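The values are calculated or read from the model by the stated rules, or taken from the named source; none is laboratory data. As the structure is a computational prediction, the values presented were derived from the model and not from experiment. All Cβ positions, even for glycine, are placed from backbone atoms using ideal geometry, and neighbour counts span all protein chains on display. All accessible areas refer to the heavy atoms of the entire protein, side chains included, with ligands and DNA or RNA removed. Shrake-Rupley method; radii C 1.70, N 1.55, O 1.52, S 1.80 Å.
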Amino acid sequence: MNIKVLKNKDIARVIINEPKTYNSLSFKNLNDLIKELKKLDHDIKTKVIILEGAGKGFSAGHNLKEVRGLKKRVKYQKLFNLCSKLMLQIVEGKKPVIAKVHGAAYAAGCQLVASCDLAYSTKDALFATPGVNIGLFCSTPMVAVSRKISRKPMMKMLLTGEPIKANYAKEIGLINDCFSKSNLTIKIGKQTFYKQLEMPLRKAYAFTSKMMTVNMMAMDAKEGISAFLEKRKPIWKNK
Amino acid sequence: MNIKVLKNKDIARVIINEPKTYNSLSFKNLNDLIKELKKLDHDIKTKVIILEGAGKGFSAGHNLKEVRGLKKRVKYQKLFNLCSKLMLQIVEGKKPVIAKVHGAAYAAGCQLVASCDLAYSTKDALFATPGVNIGLFCSTPMVAVSRKISRKPMMKMLLTGEPIKANYAKEIGLINDCFSKSNLTIKIGKQTFYKQLEMPLRKAYAFTSKMMTVNMMAMDAKEGISAFLEKRKPIWKNK
Amino acid sequence: MNIKVLKNKDIARVIINEPKTYNSLSFKNLNDLIKELKKLDHDIKTKVIILEGAGKGFSAGHNLKEVRGLKKRVKYQKLFNLCSKLMLQIVEGKKPVIAKVHGAAYAAGCQLVASCDLAYSTKDALFATPGVNIGLFCSTPMVAVSRKISRKPMMKMLLTGEPIKANYAKEIGLINDCFSKSNLTIKIGKQTFYKQLEMPLRKAYAFTSKMMTVNMMAMDAKEGISAFLEKRKPIWKNK
């Protein structure tokens, strides 16, 4: 299998391990990634998921050889739907997913970085939505990327297809910098974050007020606040 | 009372003055802030509201001792609803509210800064959404903060709970840098700004076109344009 | 006519040429701009539209002398509707529109820059939404500008009316930096970009998946991918 999962205590590393296709997001790899991420989301031990690529870089996006061979509308649609399913799995999953990027993150590979909750890269990493160069506009990648960076830099990436460097990617908010906290809290928080962002302000406040209440009712918040007030380390119940 | 209001001509300073709780947003302080801000919104003389904290810093957010003592779901919900009411009062009020921050602005204190129209701080100010550290995810604070900064830096603040410095807060758009103009114009403008931001593009244009018309029908716009064209100082009617 | 169109191969330059009113967006100029942009959108040869101003700067926004003379609600509304129509024509048009800015881009002139897909300027260019100074809050301009830059800098521009320099405009995302690719791809991509941005995440993915499928069905994508795989230059069919 091309998707390798390495666990170390509460951290799970998910590695796309198909260097010969530059870790392409083929049907097989997309399906395996979704399967592994789902499994980890229900794995009691895992608190944080780190997503990375083996070999020269992170991921070049779809497997163009495979794409060329599909030929039928129904098959293209199936591929893009599967890819969207992976991205939604990351956004809607309960555990924080951190992209660890080196080399190139292009097209759907760039989308994968944007979809992660946090993203860190090496200094020489490159990000691009280069579909325009091969006549296949990066429509699905821009859904994720346009939700992280502002519109003028997004449009430039889309219309020119030119790669941007890690430095600039940080400046515009595509990537950011390590990590480990109460599991239940993050579960509540992460899901609430994405839900409220798509609500009008009043609705978002009503919703998050309710979520903070649910959160307070859970043991962790009570223990956390008590530990803080009593100047001792908290003992988390929901790991 | 812990909320002090000082007026100087058209500027009103609202000071949270409870240094022993680091200007916590307790039930009492939230209620008093809402009351004072509402009063100022209807005060003919006041044009700009400056919000600040007394003592070591701006505000540490909720009063955790009070929160711990609430114990019942209905009381938690009441507190978070009241806090949301304050934030909405600021956003939906007619007068520009400027946060003047020193020291720490944490959790709901950080939300308070984000909710203000403008925000200025000292160089050593710190901003954080540290709920994750005590098991109470900053769900309501993120409603305000996620509307000012982009998603990756927001997610990092939420998941790590680490404070950010004033420099970086400026870079990502959480704070910016003084002020005094035609009152009516700002009243129309401020309310229109927040309404349109939540509308789809076409609807936003239809709405603001109507608002600019209403604005033009008012005496201030006519006087302003005439004064500009006649190279003289405008005499505002609606103060 | 005050709107000049110069074509050079696949690039069309649209020049607002009324230096004596600082290229104001009068009824006449708005109508002529809309007419010319529509014509270019259907012009088979034109791939990219560059929008610029003649004389000292880009555009000072509405013609205040004209505005003052309108006097009736119905006429104001007509003017602002026409201005919104121009902005929507740019956003919803099929061809990328690039603003080339020098001197001042104020009020509706600043909105015009924000509405373009990409924007480039000279180092000494200035951008402002100064309506507050003359009592006519920049309500319609903020629709476009608030969709490009974040809320705190936007609010400062609106409430102070002060101009910002090109450097800072770049930093906050109001402008960015040349260009020419497959026509059909860009047509699909540009329209999809703005549509998806206003959809919730799930809907945006469903929509763009469909658009990528449509894109794949077109000849350009197939040729582009084949050329890429065969290491040759693509021969675009849809010019």
Report summary line: Taking segment B:129-147 and keeping only residues that are open to solvent by less than 10 Å² (accessible area, probe 1.4 Å) and either basic (Lys, Arg) or not in a loop (DSSP other than H, G, I, E, B) (or both), one is left with B:Gly131, B:Val132, B:Ser139, B:Thr140, B:Pro141, B:Met142, B:Val143, B:Ala144, B:Val145
Requested in this report: Please work out if C:Lys152 is facing another protein chain (nearest Cβ under 7 Å) and either assigned to a loop (DSSP other than H, G, I, E, B) or out of contact with any helix residue (DSSP H, G or I) (no Cβ under 7 Å at 6 or more places or on another chain) (or both).
Outcome: yes
Report summary line: Among residues of segment B:221-239 being of a type in the set (Gly, Ala, Ser) and modelled with pLDDT of 70 or more, the residue surrounded by the most Cβ atoms within 10 Å (Cβ to Cβ) is B:Gly224
Query raised in the report: Only one of (1) surrounded by fewer than 20 Cβ atoms within 10 Å (Cβ to Cβ); (2) at pLDDT 90 or above; (3) under 27 Å from C:Phe228 (Cβ atoms); (4) over 17 Å from the mean Cα position of the chain (by Cα) fails for A:Asn31. Which number is that?
Result: (4)
Query raised in the report: Would a scan of segment A:41-52 turn up a residue that is within 23 Å of A:Thr129 (Cβ to Cβ), open to solvent by 10 Å² or more (accessible area, probe 1.4 Å) and not polar (S, T, N, Q)?
Result: yes
Query raised in the report: Does C:Gly109 qualify as being open to solvent by less than 10 Å² (accessible area, probe 1.4 Å), of a type in the set (Gly, Ala, Ser) and either over 27 Å from C:Ile34 (Cβ atoms) or within 10 Å of another protein chain (Cβ to nearest Cβ) (or both)?
Result: no
**Report entry** segment B:7-29 residues that are farther than 20 Å from B:Leu79 by Cα and among the acidic types (Asp, Glu), paired with ones that are part of a strand (DSSP E or B) and at pLDDT below 95 (beta carbon under 7 Å, 6 or more apart)
**Finding:** B:Asp10/B:Val48
Report summary line: Per the list (1) among the hydrophobic types (A, V, I, L, M, F, W, C); (2) under 26 Å from B:Gly131 (Cα atoms); (3) open to solvent by 30 Å² or more (accessible area, probe 1.4 Å), residue check on B:Ile90 breaks on (3)
Query raised in the report: Can you name the residue in segment C:53-66 that is surrounded by fewer than 19 Cβ atoms within 10 Å (Cβ to Cβ) and modelled with pLDDT of 90 or more and, of all such residues, is nearest to C:Lys237 (Cα to Cα)?
Result: C:Ala54
Query - Scope segment B:1-25; condition at positive phi and open to solvent by less than 10 Å² (accessible area, probe 1.4 Å); matching residues - result: B:Asn23
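For every residue, the table says whether it meets (1) within 27 Å of C:Glu230 (Cα to Cα); (2) among the basic types (Lys, Arg); (3) in contact with a Cys (Cβ under 7 Å, 6 or more places away or on another chain).
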| position | (1), (2), (3) |
| --- | --- |
| A:Asn2 | yes, no, no |
| A:Phe27 | yes, no, no |
| A:His42 | no, no, no |
| A:Leu64 | yes, no, no |
| A:Leu70 | yes, no, no |
| A:Arg73 | yes, yes, no |
Requested in this report: Can you tell me which residue within segment A:67-85, out of those that are within 21 Å of A:Ser115 (Cβ to Cβ) and surrounded by fewer than 21 Cβ atoms within 10 Å (Cβ to Cβ), is modelled with the lowest pLDDT?
Outcome: A:Gln77
